[in-house]
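Below: one structure, written as structure tokens.
What follows is calculated from the coordinates using simple rules that are stated; it is not laboratory data. These numbers come from a predicted model, not from an experiment. Methodologically, a virtual Cβ is constructed for each residue, glycine included, from the backbone with ideal geometry; neighbour enumeration extends over all protein chains shown.
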Amino acid sequence: MTDTTQAAPGLEALKHRRSQVWDELLAQSRFVRTVQQGEVTKALYALYLIETYHYTRHNARNQALVGVRCEDDRHYQKFCFNHAEEEVGHEQMALHDVASMGLQPGFPIPRALPATEVLIAYLYWVSYQGNPLQRLGYSFWAESCYDYIRPLLGKVQKTLGLTPAQMTFFVAHSDIDAEHSQAVDEMIAKKCRTPEDWEDVAQVMETSLRLTWRMMDEVADAYAQLVDGRSERAAFLKAL
């Protein structure tokens, strides 16, 4: 059998496509622009962390779902289950960071925004059907996002006067995901054998990143509505 890996777009091409989407996101996102201009508030950041909590708490489950489907590939199956186990509970760090800004633990968690629900549903969909490798596209950008958002996180920390202990979701994740990112890259390079495999991974990478971008801008909209008194969703965050 001919090894088609060399004929496929390859990992470097995938990284280039990822960088292109990130560049577009960072240049056009209203949420990102607000942070870059130093206009982020604790309430806005808390709204973003709440949406992060919502989609992150599903990541272990949809990752494990891929493992259930790929029983003929034990190596990939083991990767999926191990990765899923390591993701369990990470969403609690997002809630911790919200509370650390001045709220009591156990604060009411508003329902996920529509854009967040679409992102969650999409990740379950690509985990449930189609090429089992395609879910790697989401991990490919999510596990390496700190290479792109580190300046934004620094701006948030400086603007809001937060300590690293108040940004545990991102500080702790940056260390955890550095190892995860390498493992994901290796898995993609090893398992993608056809141009179709590479394109499936690339498509999910781009779509899931753009859906996350849409979620971020919907957070900005929700914050504007809260400030203008047009919505009582997450009204408790006005205290921040």
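Annotated for the chain: lysine pairs at least 8 residues apart or interchain, Cα distance under 19 Å, count 7. Estimated at 0.36 nm per residue, the fully extended path between D73 and E12 surpasses their Cα-Cα distance by 19.5 nm. Here the scattering of region 10-77 is modelled by Debye summation over its C-alpha atoms, one equal scatterer each and no solvent; at q = 0.21 Å⁻¹ the log10 of I(q)/I(0) is -0.98.
For helix 42-56, what angle does its Cα long axis make with the longest principal axis of the chain, in degrees from 0 to 90 and rounded to 10? That helix lies at roughly 30 degrees to the long axis.
A DSSP coil position with no more than 15 other Cβ atoms inside 10 Å describes the following GluC sites (Glu not before Pro) in region 20-114: E39, E71.
Per-residue ellipticity at 222 nm computed for the chain from its helices equals -23500 deg cm²/dmol, with DSSP H segments shorter than 4 residues left out and the rest contributing -39,500 (n - 2.57).
Footprinting exposure proxy ranking of Y128, Y55, Y48, Y122, fewest other C-beta atoms within 10 angstrom first, gives Y128, Y122, Y48, Y55. Relative contact order of region 43-202: 28 percent, from C-alpha pairs under 8 Å at least 6 residues apart in sequence.
In plain terms, if you count all Cα to Cα distances in region 173-240 and split them into 10 Å steps from zero, the share in each step is 17, 26, 24, 18, 13, 1 percent.
Projection of the Cα convex hull of region 1-134, averaged over all directions and equal to a quarter of that hull's surface, yields 10.9 nm².
Around the Cα centre of region 10-239, unit charges on the Cβ atoms of Lys, Arg, Asp and Glu (plus for the first two, minus for the last two) sum to a dipole of about 540 debye. Ellipsoid semi-axes for region 10-239, based on the Cα gyration tensor and the rule √(5λ), read 31, 18, 16 Å when sorted largest first.
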